[in-house]
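Visitor: The structure follows.
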Amino acid sequence: MERHAASDANPANVNLLRQPDAPIESLAELEQTVRHIVLETPVYDIHTHLYSADFEERLLWGIDQLLVYHYLTAEYFRQGELSYDEFWAMDDAGRADRVWKALFVDRMPVSEAASGVITAISRLGLSPSVYGRDLDAYRAAWAEKTAVAQVNDVLVTAKVKTVVMTNDPFDAVERAVWLKGGCTDARFQAALRIDKLLLDWTSAATELQSLGYTVAADDPSALSQEATLAEVRRFLRDWCGRIGALYIMASLPGDVQYPTPGEALTMLLDGAVVPVCRELGLPLALMVGVRRQVNPALRLAGDMSMQADLGLLERLCLRYPELQLLVTVLARENQHELAVLARKFSNLTIFGCWWFLHTESMIREMTSFRTELLGTSYIPQHSDCRVLEQLVNKWDHSRSVISGVLYNKYARLHQDRWLVSENDIRRDIEHYFGGVFQQVLSRAKKGRG
Ligand code: FIX
Ligand code: ZN
């Protein structure tokens with residue numbers, strides 16, 4: 001059985017007498033060693049929707065939040081129990097009660113999102129064999145915890161060393177935190193999110209004006225004026241500096257075309273975003289292939305995936321060879337093409353199995369062919385967590401699949417007598433779990449200008 005809980009890793013099965021640089025002769029030992037190293041190596045999680053405790057209400061944690069996660073509300077509505085209006089009229093605790101009963105008690109939680117909750121509670125010490133199926137028992141256990149203590153506990157249990165947040169200066173709650181001192185926990189790093197700027201210039205222009213940036217007008221033709229673009233650049237520079245952004249990012253629909261003369265997105269990328277990335281030495285992260293609000297009644301759960309025209313990425317890579325692009329795409333149909341595109345452009349680094357692809361079978365498929373096409377030069381996973389405790393299950397499940405895929409690759413080398421050592425494995429995993437990302441950051445710094 002490939003899937004296993006991280007706590008099952010039994011270092012006792014790893015030959016402790018062998019020197020770390022000695023070739024591993026036995027396949028059984030190779031498998032144990034790969035599994036052990038993948039489970040133990042701390043990870044740098046490059047994209048989440050988590051926040052440090054400084055952000056108070058923005059930091060979501062606890063059993064009720066785990067249950068009302070949008071992946072699970074979508075699954076709940078499939079049971080046809082309550083109408084949208086009835087469900088949304090309840091508070092989070094009422095919604096969590098319904099989700100728990102429908103998806104965890106009346107049927108078994110076998111979906112990726114539902115089984116993830118079970119992994120999280122169990123790995124955090126609340127074993128279902130003790131707490132049973134009584135949601136209030138879990139609530140009582142959570143009531144003993146504080147947000148700060150839970151952040152520590154979860155990061156240690158999940159073995160996550162750094163979490164990159166998603167930071168939107170147009171969000172008034174978040175902005176207030178940044179303006180009064182910002183993030184004080186170095187384990188949380190920032191990324192500047194600019195979806196609204198790129199996709200909805202009319203309302204972005206109003207926001208920019210209210211923040212004191214003199215953009216000429218809300219009409220996209222204002223973007224042909226250098227003075228307006230200069231103000232957008234000032235905004236990006238100010239906020240990247242204020243939050244210490246590691247990169248600038250947006251998620252985009254699949255049908256975005258670039259370049260399209262006269263369109264806001266093209267003018268903003270060419271006239272503001274790319275120049276600021278280059279000036280500050282920051283990568284640009286693009287998440288491509290989302291079709292927002294296909295079913296608005298589902299709220300946050302109402303978004304869909306769509307196949308993307310990857311020509312956007314090809315042309316950006318070609319036009320801006322010094323720009324470091326971090327890319328993930330949402331449609332399964334685009335994955336192979338994206339991996340091939342990354343072979344053509346060394347300034348394109350693929351990351352993660354995003355959203356509907358963050359499932360056991362998709363991670364296995366994608367990690368296999370990405371490794372086959374790109375070796376170790378990509379970032380296998382990010383968590384996209386919205387609720388703190390999900391770090392435990394998302395990384396647990398991903399590590400389990402990644403270790404299986406890697407073992408197969410090393411086993412093939414072994415068959416041809418190219419024996420790997422513990423040090424070799426450790427170096428590869430550290431590269432996957434943070435090294436590649438650091439490399440992209442430093443290449444972006446080098447390409448500054
Ligand atoms: O655009 C994004 O960053 C997406 O990850 C989110 O919008 C999405 O709701 C999500 O949580 C996916 O995991
Ligand atoms: Zn996300």
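Visitor: Among the residues of the stretch 408-418, is any aliphatic (A, V, I, L, M), more than 16 Å from ligand 1 (Cβ to nearest atom) and surrounded by fewer than 21 Cβ atoms within 10 Å (Cβ to Cβ)?
Guide: yes
Visitor: Just to be sure I understand, how many residues within the stretch 420-447 are in contact with a Leu (Cβ under 9 Å, 6 or more places away or on another chain) and farther than 19 Å from L406 by Cβ?
Guide: The total comes to 5.
Visitor: A follow-up question, please. Looking at (1) away from ligand 2 (no atom under 16 Å from the Cβ); (2) β-branched (V, I, T); (3) within 21 Å of the chain's Cα centre (by Cα), which is the only condition T146 fails?
Guide: So the condition that T146 fails would be (3).
Visitor: Keeping to the stretch 263-316, report how many residues are of a type in the set (S, T, N, Q), touching a strand residue (DSSP E or B) at 6+ places or on another chain (Cβ under 7 Å) and at positive phi.
Guide: Number satisfying all stated conditions: 0.
Visitor: Hey, could you check the stretch 255-279 for residues that are within 16 Å of G311 (Cβ to Cβ) and in contact with a Lys or Arg (Cβ under 7 Å, 6 or more places away or on another chain) and say which is surrounded by the fewest Cβ atoms within 10 Å (Cβ to Cβ)?
Guide: Among them, the one singled out is P259.
Visitor: Next question, about the same structure. Say whether the condition of being touching a Cys at 6+ places or on another chain (Cβ under 9 Å), within 16 Å of ligand 2 (Cβ to nearest atom) and not charged (D, E, K, R) is met by at least one residue in the stretch 70-88.
Guide: From the stretch 70-88, those touching a Cys at 6+ places or on another chain (Cβ under 9 Å) are none; that's our starting set.
No, every residue in the stretch 70-88 fails to be touching a Cys at 6+ places or on another chain (Cβ under 9 Å), within 16 Å of ligand 2 (Cβ to nearest atom) and not charged (D, E, K, R).
Visitor: Still on this model: Restricting to the stretch 407-433, what's the tally of residues that are closer than 24 Å to V163 by Cα and not charged (D, E, K, R)? Before you say what the answer is, go through the steps one by one.
Guide: Of all residues in the stretch 407-433, those closer than 24 Å to V163 by Cα come to 425-433.
Filter once more, keeping what is not charged (D, E, K, R): 425, 429, 431-433.
Final tally of qualifying residues: 5.
Visitor: How many residues, within the stretch 36-61, are closer than 11 Å to V160 by Cα and within 16 Å of ligand 1 (Cβ to nearest atom)?
Guide: Within the stretch 36-61, residues that are closer than 11 Å to V160 by Cα and within 16 Å of ligand 1 (Cβ to nearest atom) number 2.
Visitor: Here is a follow-up. For the stretch 180-206, name all the residues that are crowded, with 20+ Cβ neighbours inside 10 Å, in contact with a helix residue (DSSP H, G or I) (Cβ under 6 Å, 6 or more places away or on another chain) and more than 27 Å from D270 (Cβ to Cβ).
Guide: Hit for the stretch 180-206 is C183, nothing else.
Visitor: If you take the residues in the stretch 314-341 that are without any contact (Cβ under 8 Å) to a residue 40 or more places away in the chain and within 19 Å of the chain's Cα centre (by Cα), which one is farthest from L282 (Cα to Cα)?
Guide: The qualifying residue farthest from L282 (Cα to Cα) is R332.
Visitor: Can I ask one more? I'd like the residue in the stretch 59-69 that is assigned to a helix (DSSP H, G or I) and aliphatic (A, V, I, L, M) and, out of all such residues, is nearest to ligand 2 (Cβ to nearest atom).
Guide: Here is the first cut: in the stretch 59-69, the residues assigned to a helix (DSSP H, G or I) are 63-67.
If we keep only those that are aliphatic (A, V, I, L, M) too, we end up with 63, 66-67.
Working: I63: 22, L66: 17, L67: 20 Å.
It comes out as L66.
Visitor: Which one of L82, L72 is under 26 Å from M304 (Cβ atoms), among the hydrophobic types (A, V, I, L, M, F, W, C) and not in a helix (DSSP H, G or I)?
Guide: Of L82, L72, the one residue that is under 26 Å from M304 (Cβ atoms), among the hydrophobic types (A, V, I, L, M, F, W, C) and not in a helix (DSSP H, G or I) is L82.
Visitor: What helices (runs of 4 or more DSSP H), lying completely within the stretch 159-232, carry at least 3 residues that are within 16 Å of ligand 2 (Cβ to nearest atom)?
Guide: Those helices (runs of 4 or more DSSP H) span 195-199.
Visitor: Turning to a different aspect of this structure: For the stretch 374-387, indicate whether the set of residues that are surrounded by fewer than 23 Cβ atoms within 10 Å (Cβ to Cβ), of a type in the set (V, I, T) and more than 16 Å from ligand 1 (Cβ to nearest atom) is non-empty.
Guide: yes
Visitor: Out of all the residues in the stretch 246-259, is one or more more than 25 Å from the chain's Cα centre (by Cα) and either more than 16 Å from ligand 2 (Cβ to nearest atom) or outside the structural domain of Q439 (by TED's automatic domain parsing) (or both)? Walk me through it before giving the result.
Guide: Here is the first cut: in the stretch 246-259, the residues more than 25 Å from the chain's Cα centre (by Cα) are 259.
Filter once more, keeping what is either more than 16 Å from ligand 2 (Cβ to nearest atom) or outside the structural domain of Q439 (by TED's automatic domain parsing) (or both): 259.
Yes: one or more hits.
Visitor: Output the residue which, of all residues in the stretch 16-34 that are touching a residue at least 60 places away in the same chain (Cβ under 8 Å) and within 17 Å of I429 (Cβ to Cβ), is surrounded by the fewest Cβ atoms within 10 Å (Cβ to Cβ).
Guide: Among those residues, the one meeting the criterion is D21.
So that you can scan it fast, the table gives a plain yes or no per residue for (1) within 16 Å of ligand 1 (Cβ to nearest atom); (2) closer than 26 Å to E56 by Cα; (3) touching a strand residue (DSSP E or B) at 6+ places or on another chain (Cβ under 7 Å):
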site	(1), (2), (3)
T162	no, yes, yes
V177	no, yes, no
L192	yes, yes, yes
Y213	no, no, no
A222	no, no, no
Y247	yes, yes, yes
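Visitor: So, of the residues in the stretch 47-58 that are within 16 Å of ligand 2 (Cβ to nearest atom) and part of a loop (DSSP other than H, G, I, E, B), which turns out to be surrounded by the fewest Cβ atoms within 10 Å (Cβ to Cβ)?
Guide: Checked the stretch 47-58; the qualifying residue surrounded by the fewest Cβ atoms within 10 Å (Cβ to Cβ) is H49.
Visitor: Are there any pairs, at least 6 apart or on different chains, whose C-beta atoms fall under 9 Å, with the first in the stretch 281-301 and assigned by TED's automatic domain parsing to the domain that holds E322 and the second among the acidic types (D, E) and within 16 Å of ligand 2 (Cβ to nearest atom), and if so, which?
Guide: Going by the 9 Å Cβ cut-off, the qualifying pairs are V290/D303; R291/D303; R292/D303; Q293/D303; V294/D303; N295/D303.
Visitor: Identify the residue in the stretch 388-407 that is of a type in the set (S, T, N, Q) and within 15 Å of ligand 1 (Cβ to nearest atom) and, among all such residues, is farthest from V68 (Cα to Cα). Steps first, answer last, please.
Guide: Kept after step one, since they are of a type in the set (S, T, N, Q), are these residues of the stretch 388-407: 390, 393, 398, 400, 403.
Keeping just the survivors that are within 15 Å of ligand 1 (Cβ to nearest atom) gives 390, 393, 398.
Details: Q390: 12, N393: 16, S398: 22 Å.
Top of the filtered list is S398.
Visitor: Still on this structure, I have one more. Select from the stretch 280-292 the residues that are buried (at least 22 other Cβ atoms within 10 Å of the Cβ), within 11 Å of ligand 1 (Cβ to nearest atom) and assigned to a loop (DSSP other than H, G, I, E, B) and list them in ascending order.
Guide: G289
The values are calculated or read from the model by the stated rules, or taken from the named source; none is laboratory data. Being a predicted model, the structure only gives us computed values, none of them experimental. Glycine gets a Cβ as well: all are built from the backbone with ideal geometry, and neighbour counts include every protein chain shown.
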